Amino acid sequence: MEMLLQALASLMTFESVITVLVGVSAGLLIGSMPGLTATMALAVLLPFTFSMEALQGLIALGAVYMGSIYGGAFTAILINTPGTPSSIATTFDGYPMARQGKAFEALTAATLASVVGGLVGVAFLLILAPPLARLAVAFGPAEMFWVAMLGLTLVASLSSGSLLKGMLGGCIGMLLSTIGVSPVGGETRFTFGFPPLQGGIELIVALIGLFVIPELLTMAAEGKGALPREGDFGKREASIRQVARTVFGKPVNLVRSCLIGQIIAIIPGAGGNVTSLVAYNEARRFSKDPESFGKGNVEGIVASESSNNVMVAGSMIPLLTLGIPGAPPDAIILGVLLLHGLRPGLDLFTETGVLTNGFILSMGLAALMLLPVGLLGARLIHRIVIRTPYYFMVPCIAMVTILGTFSLRNSLLDVAIMLTLGCAGYFLRLIGIYAAPIVLGLILGGIAEQGYVQTMLAAVTDPFPWLRLLSNTLSKVLAAMVLLGVATALVPIWLQRSGRLDKASPDKRGEP
Amino acid sequence: MAGRRITTAGLLTRRQQTHNSINGARHETSHHDAGRRCLIFFHDRYGGECPSRLSDSSIDYVIPFDPGGESDVTARFQEPILEDILDVSVNVVHRPGGGGAVAWSEFQNSAEPDGYEIIGVNIPHIIGQPIQRSDAGFDTDDWEIITFFHSTPNALIVPADSPFETLDDLVEYARDNPETVTLGGSGTYSANHLDMLRLEQEADVELTYIPFTGTGPLPGALEGGHVTGVFNYTMLGVQMDDSVRVLAVASEERVPALPDVPTFQEEGYDIVGGAYRGVAAPAGTPDEIVEVLADAFAEANERITDEQEPLGFVMEYISGDEIDDVIDMLAEAYGPILEEAE
């Protein structure tokens with residue numbers, strides 16, 4: 001406790017507060033640009049932290065991390081393009097809301113949810129780090145396989161409209177994930193003798209291509225901006241208090257999303273890319289009005305944004321206690337810790353406890369800072385997006401996108417892959433295969449493959465190797481959840497099709 | 001869009017960022033100025049003759065892996081010292097993919113042999129990948145390796161609550177129960193995997209290797225008991241010293257950070273191996289330049305020893321002809337295993 005107070009004191013200096021403020025603002029801007037991810041924001045910042053003291057450096061990184069994950073929501077809502085992979089689910093309801101002229105409401109809801117999520121994550125990290133770390137290591141190869149399978153059941157809910165087309169999209173994504181050097185075994189696949197393809201298809205590259213390019217092509221083809229001008233803000237703007245009432249008026253959704261965010265954050269390898277999707281899916285499953293999701297339900301935004309900001313501090317749990325980076329940006333923070341001679345483990349909480357607690361608390365401060373910075377930024381960016389004519393907007397976004405893609409790995413090939421996938425994505429979208437299931441397949445394909453192959457390798461002497469996949473309680477529970485997930489997705493469709501559930505979706509059938 | 005564009009300009013690439021922060025605005029550096037810097041760098045060797053690339057006076061130091069890894073952390077340590085010694089700015093550029101192969105093939109195809117482009121190289125990756133893959137896109141020898149500056153010996157690590165107290169315990173158990181001992185490690189046909197295969201041969205036992213993507217997931221695999229043990233680098237043993245037991249290290253002498261752990265040779269198995277990290281310049285780079293760079297890296301090594309040794313790194317000063325010796329030695333040790341595997 002004394003350590004906590006000391007840490008708080010070290011944080012309450014002018015310097016630290018300014019560092020957090022600048023960090024959050026910078027992170028927000030970077031995160032809101034398609035192609036510039038949280039990982040990259042941290043990598044860009046890294047050299048500057050060398051000249052700083054350990055605590056200042058970590059504070060800056062934590063603030064940028066928090067800001068950039070939140071910033072992803074801006075573009076997700078305003079131009080249907082997730083700024084970071086963790087805000088994919090924010091597009092589902094955020095963009096429809098923006099099109100209905102409720103962009104500012106959506107942005108405010110995202111901000112409030114992010115602040116809550118960030119604070120909840122910090123609380124978990126302060127109070128429950130050791131037990132949660134033990135839970136984290138329980139996820140071995142077999143468990144990871146089931147986690148990936150569980151994620152794939154989301155395809156059913158992501159495929160607005162046709163389930164078949166959604167699954168097709170998921171399969172395309174999984175196929176794309178097999179390009180390059182295989183995660184287990186190390187052989188090269190589908191490189192067609194072209195060495196640069198050994199690097200595979202980077203998730204972010206596919207994400208940018210599949211989300212941004214089709215959106216740009218649509219804007220250009222239809223000759224109008226992302227948002228209708230008549231929804232001009234200022235006219236029907238909901239007050240912050242009203243939005244707060246909507247967000248906090250349904251605490252169950254908020255609590256559930258935060259818990260989901262925390263649990264997934266500690267699973268190494270799954271990371272924030274999936275948290276928001278899972279939280280969104282559950283929000284929809286438990287909603288009284290699931291049909292309204294995807295059409296501009298503010299609960300979808302709350303679920304997505306609260307869960308992905310929990311992840312920021314939440315994924316630090318396995319990192320700080322065990323040295324396991326839960327999400328890609330964490331690997332950079334691990335590097336910084338090592339650089340300052342700090343080894344993850346219990347020492348970090350005892351010997352250098354003031355520093356560690358200072359870092360953790362600074363993330364809480366960063367979460368609070370999202371409120372003023374975010375609301376101000378939301379106004380500005382919203383105004384810019386609405387006032388800028390599409391013929392300026394499209395080339396500008398295209399430029400940022402190409403630059404961002406290139407700077408990911410300093411690779412022109414990535415730019416080519418991004419553009420190719422983008423054009424393919426445009427036509428796939430026209431026939432009803434959307435980006436979300438493809439990206440989901442790409443994220444989870446590799447995780448599933450790795451988990452499965454590692455399990456089978458370890459079970460080489462067993463009479464029935466695949467039984468290893470169900471060898472302990474956690475894996476059985478996960479497998480049951482997968483079955484349940486598939487059932488809840490398929491049974492209503494089947495009932496509906498066989499005519500046993502007339503009221504299932506009156507708006508689609510229109511039967512008397 | 002204005003806000004958006006301003007930040008983009010500020011962000012362009014990390015490369016430019018680093019450059020700006022060190023060198024002031026990049027565009028303000030005139031050609032004359034750049035030429036002068038180049039002269040300082042090469043003055044002694046060339047008598048004022050600057051070989052090429054007057055327009056760019058910074059060294060690109062390509063790291064073929066993600067930021068945050070061992071290669072990156074080391075490069076970050078070296079960067080300011082190299083700048084100090086060579087009086088040019090050094091940009092650390094990341095080009096991850098394919099376990100290093102993407103950057104290496106690109107480097108061998110297109111880098112200019114003028115000393116301003118260097119790349120991190122790792123053994124056994126540069127030995128193993130060209131043998132293993134038909135389209136790795138690079139050759140083990142098609143560059144001038146400047147130096148190997150450190151190595152991380154392999155180590156056999158088990159959880160603290162493991163029944164195996166010594167290497168002998170584990171080997172005996174494996175002899176009675178073939179293939180049931182599962183050892184995790186980083187990558188396939190990596191340093192970890194290859195030395196585990198050598199242990200199998202030397203001890204005449206059958207083990208099961210479980211490849212993970214990098215060192216990152218291994219602490220979890222150990223703590224969660226998902227594997228019997230791991231065959232990884234000494235650093236992991238140091239990092240997790242309160243929750244694991246290191247049974248043996250694959251170095252010639254005991255590792256400073258792990259003084260109580262015997263070497264494999266002490267235990268009767270002739271296994272010396274691990275990852276060596278170094279830097280290379282493109283083939284055709286003049287010897288003088290390679291020497292200047294090798295000296296600079298050696299000096300950098302001296303200055304960062306105190307920071308790196310406690311982490312489990314073993315500082316090396318391998319340059320000149322010794323480079324071929326090390327590569328030959330390891331190629332000889334690993335070659336047959338790799339060929340057999342194919």
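Residues that are facing chain B (nearest Cβ under 10 Å) and within 20 Å of A:M149 (Cα to Cα) within region A:404-446 comprise just one, A:G446.
When B:L218 is tested against (1) in contact with a Phe, Trp or Tyr (Cβ under 7 Å, 6 or more places away or on another chain); (2) modelled with pLDDT of 90 or more, exactly one condition is not met: (2).
Answer with yes or no whether A:P329 is out of contact with any strand residue (DSSP E or B) (no Cβ under 7 Å at 6 or more places or on another chain), in a loop (DSSP other than H, G, I, E, B) and within 14 Å of chain B (Cβ to nearest Cβ).
Here the answer is no, as A:P329 does not meet what is asked.
Criterion first (out of contact with any Asp or Glu (no Cβ under 9 Å at 6 or more places or on another chain) and closer than 20 Å to A:E305 by Cβ) does A:V155 satisfy it? No; evaluated as a whole, the condition is false for this residue. Quick check, is A:L444 aliphatic (A, V, I, L, M) and farther than 25 Å from A:I88 by Cα? Taking the combined requirement at face value, the residue does not satisfy it. Surrounded by fewer than 18 Cβ atoms within 10 Å (Cβ to Cβ) and either hydrophobic (A, V, I, L, M, F, W, C) or not in a helix (DSSP H, G or I) (or both): is that true of A:A480 in this structure? For A:A480, the condition - surrounded by fewer than 18 Cβ atoms within 10 Å (Cβ to Cβ) and either hydrophobic (A, V, I, L, M, F, W, C) or not in a helix (DSSP H, G or I) (or both) - is met. Note on region A:352-374: residues that are within 22 Å of the chain's Cα centre (by Cα) and farther than 12 Å from A:A63 by Cβ amount to 3. Of the helices (runs of 4 or more DSSP H) entirely within region A:3-113, those holding at least 1 residues that are of a type outside the set (G, A, S), away from chain B (no Cβ under 14 Å) and surrounded by fewer than 24 Cβ atoms within 10 Å (Cβ to Cβ) occupy A:14-31, A:54-79, A:88-99.
Rundown of residues vs (1) at the interface with chain A (Cβ under 10 Å from one of its Cβ atoms); (2) surrounded by 21 or more Cβ atoms within 10 Å (Cβ to Cβ); (3) out of contact with any helix residue (DSSP H, G or I) (no Cβ under 8 Å at 6 or more places or on another chain); (4) free of Cβ contacts under 8 Å to residues at least 12 places away in the same chain, yes/no style:
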site: B:T140; (1), (2), (3), (4): no, no, no, no
site: B:A160; (1), (2), (3), (4): no, no, yes, no
site: B:E165; (1), (2), (3), (4): no, no, yes, no
site: B:V171; (1), (2), (3), (4): no, yes, no, no
site: B:S186; (1), (2), (3), (4): no, yes, no, no
site: B:S190; (1), (2), (3), (4): yes, yes, no, no
site: B:L194; (1), (2), (3), (4): no, yes, no, no
site: B:E200; (1), (2), (3), (4): no, no, yes, yes
site: B:P211; (1), (2), (3), (4): yes, yes, no, no
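Check whether at least one residue in region B:126-138 is buried (at least 24 other Cβ atoms within 10 Å of the Cβ), under 27 Å from B:E267 (Cα atoms) and modelled with pLDDT of 90 or more, and report yes or no. Checking region B:126-138: not a single residue is buried (at least 24 other Cβ atoms within 10 Å of the Cβ), under 27 Å from B:E267 (Cα atoms) and modelled with pLDDT of 90 or more. When region A:379-397 is filtered for residues that are away from chain B (no Cβ under 11 Å) and surrounded by fewer than 18 Cβ atoms within 10 Å (Cβ to Cβ), the ones remaining, listed by number, are A:R379, A:Y390, A:Y391. Looking only at region B:292-337, residues that are buried (at least 16 other Cβ atoms within 10 Å of the Cβ) and either in contact with a Gly (Cβ under 6 Å, 6 or more places away or on another chain) or at positive phi (or both) come to 1 in all. Apart from one condition, A:M144 fits all of (1) outside any loop (DSSP other than H, G, I, E, B); (2) of a type outside the set (D, E, K, R); (3) more than 20 Å from the chain's Cα centre (by Cα); the exception is (3). Among all residue pairs at least 6 apart or on different chains, which show Cβ distances below 6 Å where the first residue, located in region A:280-304, is more than 24 Å from A:Q262 (Cβ to Cβ) and the second is hydrophobic (A, V, I, L, M, F, W, C)? Filtered contacts from region A:280-304: A:G294/A:F92; A:G296/A:M97.
Looking at region B:100-118, which of its residues are hydroxyl-bearing (S, T, Y) and in a helix (DSSP H, G or I)? Please lay out each step first, then the result.
Initially, region B:100-118 is screened for residues hydroxyl-bearing (S, T, Y), giving B:105, B:110, B:116.
Those that are hydroxyl-bearing (S, T, Y) and in a helix (DSSP H, G or I): B:S105, B:S110.
For region A:177-224, the set of residues classified as more than 12 Å from every other protein chain (Cβ to nearest Cβ) and either farther than 15 Å from A:L419 by Cα or touching a strand residue (DSSP E or B) at 6+ places or on another chain (Cβ under 8 Å) (or both) consists of A:S177, A:T178, A:M219, A:A220, A:A221, A:E222, A:G223, A:K224, listed by residue number.
The values are calculated or read from the model by the stated rules, or taken from the named source; none is laboratory data. Note that the structure is a prediction, hence the values are computed from the model and not measured. All Cβ positions, glycine included, derive from the backbone under ideal geometry; neighbour counts span all protein chains shown.
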